[in-house]
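Everything on this sheet refers to the single structure shown next.
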Amino acid sequence: MIVTRFAPSPTGRLHVGHAYSALFAYRMAQEAGGKFILRIEDIDPVRCHKEFEHGIYEDLGWLGLDWEKPVRRQSDHMDEYSTALTKLQNRGLLYPCFCTRKDIREEVERSGHAPHGPEGLLYPGLCKGLSDDERAAKIASGIPYAFRLDLDKALQEIKGPLTWVDRARGEQIATPEILGDAVLARKDIQTSYHLSVTIDDHVQGVTVVTRGDDLFYASHLHRLLQELLGLNVPEWHHHPFLTDEDGERLAKRNHAITIQHYREAEGKTPQDIMEMIGL
């Protein structure tokens, strides 16, 4: 049975780009007689707020969506992410990184070149070569740190190429090296988007991960994490994201107009929203 999901973060009200993603996943499940899951990705206690979580339920309900209950909230499952992190750590696949953004920028300027991937600058490996004693001393002194995946060691554990299927692009060969030594646990939060979403999709039995094209490259890393942690491998469907009249992606950071505004201030109907997003 097909299982899809929509997994917003409650850091603001939903906009029409969210509506497109949610309806895309919902209709895929409905047409296949499957299940649609709503998940709240609220690992960031500073930016995530209950009022926005309630707004997500309100907006999706107004659009006519229904979802499996209870809703999984990531903040209720931090112990699961911590367990997975410990497994990777015990296998020597993680290392503490004490770098700030300033440290990384200065190292790039000093070296005169910077490795780049499709999403920009890759971590230049400042902390990767620290000795155990140096790491212990920095931790003991109270310097904040994150845990990065040691990609070289991780790839040594993989036998043969990792493949995954994107319903829009066909079979893919995973190349997680395009993201370098990614952060799997943040300095202030003992998990990351990459780690928590991969575990959640496994636990919830998601069979098709639908999300925007902007997250296509993250799927290469997620496929590696699935292999390292022995998790289920779903299919993916990366869809184009909506843009405004200037070609800018509709996103919270770009102050996209919210569904709540269209509903309450402009009197739009759910049908109006669906016509607006082309569904």
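The values are calculated or read from the model by the stated rules, or taken from the named source; none is laboratory data. Everything numeric here is computed off the predicted structure, so don't read it as measured data. Heads up, the Cβs are rebuilt from the backbone with ideal geometry, glycines too, and the neighbour counts pull from every protein chain shown.
Quick check: anything in region 239-258 at pLDDT 95 or above and acidic (Asp, Glu)? The answer is no; no qualifying residue exists.
Here Lys69 meets the list (1) out of contact with any Phe, Trp or Tyr (no Cβ under 9 Å at 6 or more places or on another chain); (2) within 18 Å of Asp200 (Cβ to Cβ); (3) touching a residue at least 24 places away in the same chain (Cβ under 8 Å); (4) not assigned by TED's automatic domain parsing to the domain that holds Pro176 almost entirely, failing just condition (3).
Taking the numbered list (1) over 30 Å from Glu157 (Cα atoms); (2) out of contact with any strand residue (DSSP E or B) (no Cβ under 6 Å at 6 or more places or on another chain) in turn, Ser82 passes all entries but (1). Answer yes or no as to whether Asp188 is of a type in the set (D, E, K, R), modelled with pLDDT of 95 or more and outside any helix (DSSP H, G or I). In short, no. In this structure, Arg39 does not satisfy being in a helix (DSSP H, G or I) and of a type in the set (Lys, Arg). Taking the listed residues Leu225, Leu162, Leu195, Leu151, the one that is within 12 Å of the chain's Cα centre (by Cα) and modelled with pLDDT of 95 or more is Leu195, with no other qualifying. Scanning region 175-185 for residues that are more than 21 Å from Leu85 (Cβ to Cβ) and assigned to a loop (DSSP other than H, G, I, E, B) yields a single hit, Thr175.
Among the residues of region 101-147, those that are in contact with a strand residue (DSSP E or B) (Cβ under 8 Å, 6 or more places away or on another chain), at pLDDT 85 or above and either surrounded by fewer than 16 Cβ atoms within 10 Å (Cβ to Cβ) or not assigned by TED's automatic domain parsing to the domain that holds Tyr193 (or both) comprise Leu126, Lys128, Ile139. Identify the residue in region 202-236 that is of a type in the set (A, V, I, L, M, F, W, C) and assigned to a loop (DSSP other than H, G, I, E, B) and, among all such residues, is farthest from Leu151 (Cα to Cα). This residue is Val206.
State yes or no: is Val46 modelled with pLDDT under 95, surrounded by fewer than 21 Cβ atoms within 10 Å (Cβ to Cβ), in contact with a strand residue (DSSP E or B) (Cβ under 9 Å, 6 or more places away or on another chain) and of a type in the set (A, V, I, L, M)? Quick ask: steps written out before the conclusion?
Working: modelled with pLDDT under 95: yes; surrounded by fewer than 21 Cβ atoms within 10 Å (Cβ to Cβ): yes; in contact with a strand residue (DSSP E or B) (Cβ under 9 Å, 6 or more places away or on another chain): no; of a type in the set (A, V, I, L, M): yes.
Considered against the rule, which asks whether it is modelled with pLDDT under 95, surrounded by fewer than 21 Cβ atoms within 10 Å (Cβ to Cβ), in contact with a strand residue (DSSP E or B) (Cβ under 9 Å, 6 or more places away or on another chain) and of a type in the set (A, V, I, L, M), Val46 comes out as no.
Scanning region 42-65 for residues that are in contact with an Asp or Glu (Cβ under 8 Å, 6 or more places away or on another chain) and acidic (Asp, Glu), which turns out farthest from Asp201 (Cα to Cα)? Selected residue: Glu53.
In this structure, Leu60 does not qualify as outside any helix (DSSP H, G or I) and touching a Leu at 6+ places or on another chain (Cβ under 8 Å). Checked against (1) farther than 21 Å from Gln190 by Cβ; (2) at pLDDT below 95, Arg27 passes all but a single condition, namely (2). All told, Ile56 meets the bar of being over 21 Å from Pro234 (Cα atoms) and surrounded by 17 or more Cβ atoms within 10 Å (Cβ to Cβ).
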